[in-house]
Amino acid sequence: MIDNEKSKGDFVVRLTNPMSYDRLHILSSEYSVSTELLVNVAVERLLNDIEFVRKLRSSKGD
């Protein structure tokens, strides 16, 4: 693998809610995608939502 193709970071996500763990695996099987992809999509959406809320807060003060 070329250096540019390596991921920026690897870490473990521990799901503490057994229902979330089950749902993740069900969705993974249902849509034929990896659980890793589903977790990455969820994290990206969370980060985008946080950024959106921060922008709303900062524009409130203007």
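The values are calculated or read from the model by the stated rules, or taken from the named source; none is laboratory data. Everything numeric in this text was worked out from a predicted model, so none of it was measured. Counting neighbours? That spans all protein chains shown, and the Cβs are built from the backbone with ideal geometry, glycine included. Only protein heavy atoms, including side chains, enter the accessible area calculation; ligands, DNA and RNA are left aside. Shrake-Rupley method; radii C 1.70, N 1.55, O 1.52, S 1.80 Å.
List of remarks:
- Summed over the residues of the chain and divided among them, the accessible surface reaches 100 Å² per residue at a probe radius of 1.4 Å.
- Taking a ≥ b ≥ c as the square roots of the eigenvalues of the Cα gyration tensor, segment 9-62 is prolate, since a/c reaches 1.5 or more and a/b is larger than b/c.
- Rounded percent of accessible protein surface that carbon and sulfur make up, the chain, 1.4 Å probe: 55 percent
- Model label points for residue 39 and residue 58, set 7 angstrom from Cα along the Cα-to-Cβ axis, are 3.0 nm apart.
- Between 0 and 90 degrees, the angle of helix 35-60 with respect to the longest Cα principal axis of the chain falls at about 0 degrees.
- Angle in degrees between helix 18-31 and the longest Cα principal axis of the chain, rounded to the nearest 10: 70 degrees
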